[in-house]
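Inspection log for the structure reproduced underneath, given as structure tokens.
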Amino acid sequence: MTTDEQGYARLPEDLLHGLLSEAGPITDTVAGMLASSIEHRDQLRRGLSDLGLLRRFNTTTPSPVAAVDGGFAIERTLAVDLLLSVAVGVEGLGAETRWDSNQYRWWARALPHQIESERLARGLMVAQELAILSEAPHELRILDGSHLTLVIQLNAALTTQSQEIRALARDEWAGLRTIESLAHAATDPSLIAMPKYDSSDELARRLSKETGVALAGDDKYLLGMLLDAGELVEPQRVPDQPWQQLHFDARPGDEDLEEALAKAIQPLVRRELWFTYFKPDDASPAYRIEMKEDAVHDLDRICSTLADQITGPFVREPYPQYLADVMAKSVGFGLSALQAAVQYRLSSGGQPDIARLLIRSYRTEGT
């Protein structure tokens, strides 16, 4: 049996038959949602121009660049939860280097079963990303994701019911200087954020109103269809929502941490952040770039640097961002290796009964 056949064999035959019978209606839905931007492309491009949103970048000398991404994994064994979070920094292609090797942070722990373990792993992953970014000596640094994600993940760990998890988060954040790194990420113009997934539709709504063309889908998809190679959207200030709602909560005893974190993100709450969509070549998607106000006047250098890191049609993001993502998302292999090493030590140390409890898992979680 082939690998594909084995995969299909995991589903009941009747379920799979019913699932495939829905392909027709879903195809019609997708076509109906996305066809407008293709059919009315010329009209929509004129609308972009009329709104003053369309511009090109001027090629300049690229700058040294690095990108950071993180990942986490949780192995929920019969006895305990094994947690691992990592962050990896990768330098861009070019003759000038600032790092001797790839940068990384990691954290691993065994904890009693707790449903909130994932919040801890995510919160530490983000803190590790921030630590690497704050120390990177490059003229341009890329956060894989949005500035929003930083606040969401840190706040999720801060508001857990478990006092043990909150204490672990507090200790690790102190060691990583997370408050200082977060304030740095919210203000430094050399740090940009590039989320892969983006549900924003502000520009689509404006363009639909301007042209009278009904549009479905998000801005990232739409601009990917409308922009030509070398074009970008005139930078826009981020909208009131959800940025003005960004905040931190805290359980009793952590109010000082809440206050310090909230102070660190005030530039984001005040919307001192801008965004654009940039398409470096015909084969690439439109990249959403979040930047500080001081970086708006430096877009030619930013776009030139990003365009210089697009290595081919099969790599859908700047090279250091792509490689950091590949490395960080391999975190599950690292956790499997750690789990096997712990099992071996328990068995060879005369505790095979405990080792057997780590062999069987309820499930593996992570990203």
- Note on the structure: Only helices counted: for the chain, with every DSSP H run of 4 or more residues adding -39500 (n - 2.57) and the sum spread over all residues, [θ] at 222 nm is -14500 deg cm²/dmol
- Message: Which lysines, if any, have their Cα less than 23 Å from the Cα of residue 292, not counting same-chain residues under 8 positions apart?
- Response: 196, 220, 263, 279
- Using a 10 Å Cβ count of at most 14 others and DSSP loop calls, identify the longest part of the chain lacking such GluC sites (Glu not before Pro). 97-367
- Message: Roughly how far apart, in whole Å, are the Cα centres of the range 152-174 and the range 71-119?
- Response: 16
- Query: What angle do you read, to the nearest 10 degrees and between 0 and 90, between the alpha-carbon axis of helix 299-308 and the longest principal axis of the chain?
  - Reply: 60
- Given R₀ = 35 Å, FRET efficiency for residue 79-residue 270 by Cβ-Cβ distance, to 0.05? 0.15
- Note on the structure: Length gained, residue 344-residue 19, 0.36 nm per residue minus C-alpha separation, equals 112.7 nm
- Query: Given labels modelled 7 Å from the Cα in the Cβ direction, how far is it in nm from residue 115 to residue 237?
  - Reply: 4.2
- Message: Using all alpha carbons of the range 195-292, what is the percent of pairwise distances in each 5 Å bin, ordered from the shortest bin to the longest?
- Response: 2, 12, 18, 18, 16, 11, 8, 6, 5, 3, 1
- Item | the range 56-333 shape via C-alpha gyration tensor axes, a/c threshold 1.5 | prolate
- Task: Can you check what the net charge comes to around residue 224, using other residues whose Cβ is under 14 Å from the Cβ of residue 224 (Lys, Arg +1; Asp, Glu -1)?
- Result: -2
- Spin-label point model (7 Å from Cα, Cβ direction): what's the residue 50 to residue 164 distance in nm? 6.2
- Query: Out of 97, 160, 27, any idea which swings most in a Gaussian network model of the chain, alpha carbons joined below 10 Å?
  - Reply: 27
- Query: Roughly how many Å is it from the Cα centre of the range 246-292 to that of the range 37-68, as a whole number?
  - Reply: 22
- Note on the structure: In the neighbourhood of residue 210 defined by beta carbon distances under 11 Å, the net charge of the other residues (Lys, Arg +1; Asp, Glu -1) is +3
- Item | Per DSSP, loop chymotrypsin sites (Phe, Trp or Tyr not before Pro) in the range 172-258 with at most 16 further Cβ within 10 Å | 197
- Item | Max mean-square fluctuation residue, GNM over the chain, Cα-Cα springs under 10 Å, options 19, 257, 226 | 19
- Query: Where nothing but the Cβ of Lys and Arg (+1) and of Asp and Glu (-1) is charged, how large is the charge dipole of the chain around its Cα centre, in debye to the nearest 20?
  - Reply: 400
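Since every read-out is calculated from the coordinates, none of them should be taken as a lab result. Every value quoted in this text rests on a predicted model; they were computed, and no experiment measured them. For neighbour counting, all protein chains shown are included, and Cβ atoms are generated from backbone atoms with ideal geometry for every residue, glycine included.
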